[in-house]
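Presented below is the structure to which this report refers.
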Amino acid sequence: MSKAKFKRFNFSLTDHVSRDIDDISLLPRDFKCSRSDVLKAAILSFKELSKTEQIEILRKVCVDSENA
């Protein structure tokens, strides 16, 4: 019996964000990039930011978008 490498998760996205993920996944011309790969790359990039930068980006998504 093999162990699964990945778990499937469901979460909500706006149509705009979903289209952005699709557009980003089509950027590479010499390799395939899935929607999941785009999210993994985003997390990797996010983790490389300072804690202050991370919090500011989270504020834009969590607080500022609610007030828009």
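For the reader, a short list of remarks on this structure follows.
- The single residue among 60, 7, 32 that is out of contact with any strand residue (DSSP E or B) (no Cβ under 8 Å at 6 or more places or on another chain), at pLDDT below 95 and not in a helix (DSSP H, G or I) turns out to be 7.
- The stretch 12-32 residues that are of a type in the set (S, T, N, Q), paired with ones that are assigned to a loop (DSSP other than H, G, I, E, B) (beta carbon under 9 Å, 6 or more apart): 25/32; 25/33; 25/34
The values are calculated or read from the model by the stated rules, or taken from the named source; none is laboratory data. All values reported here derive from a predicted model rather than from experimental measurement. Note that we place each Cβ from the backbone using ideal geometry, even for glycine, and neighbour counts take in every protein chain shown.
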